[in-house]
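Please read the structure below before turning to the comments.
The values are calculated or read from the model by the stated rules, or taken from the named source; none is laboratory data. Everything numeric here is computed off the predicted structure, so don't read it as measured data. Virtual Cβ from ideal backbone geometry, glycine too; neighbours counted across all protein chains shown.
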Amino acid sequence: MWMRLPGLPLPCQNPSILEVIGNSIGHFLRLDERTKRLKYPMSPRLCVEMDLAVKLPEEVVIAVGTEEIYHQKIEYDQRIGFCSFCLLLGHLDINCRKKQNQANTDGNAAAT
Ligand SMILES: [Zn+2]
């Protein structure tokens, strides 16, 4: 799953640090090519494998040095929908046919 870390402090934009951050969110997979070349200094983009059954975190806590703690906001790419009903990627639950079918079945059952 692709995500951005908008406004990440420059010292944290080292690829190895981004990997550590990615692993603290989920399982780090790779960096965006442009992020690797530091073309997107304000908003590094990384791909992290996430457990989609769990609610996605909105921020990650980064310890800068030993004392400074920084709350980094995470922005997820919404180009791929995620259905919380059938736990699949590719559509959103508002468009979910399974969910709609089940709602219809429940309605019929209640009516009879
Ligand atoms: Zn669905």
Going through region 65-99 in order, the residues found to be within 16 Å of the ligand (Cβ to nearest atom) and touching a Lys or Arg at 6+ places or on another chain (Cβ under 7 Å) are F85, C86, D93
Does region 45-54 include one or more residues that are of a type in the set (D, E), at pLDDT below 80 and within 18 Å of M1 (Cβ to Cβ)? yes
Could you grab the pairs with beta carbons closer than 8 Å, sequence gap of 6+ or different chains, first residue in region 87-99 and among the basic types (K, R), second one near the ligand (Cβ under 8 Å from one of its atoms) and part of a helix (DSSP H, G or I)? K99/D93
Can you go through E67, E49 and tell me which one is within 30 Å of F85 (Cβ to Cβ) and in the same structural domain as G7 (by TED's automatic domain parsing)? E49
I need the full set of residues from region 89-112 which are closer than 21 Å to M50 by Cα and either at pLDDT below 75 or in a helix (DSSP H, G or I) (or both), in order please. L89, G90, D93
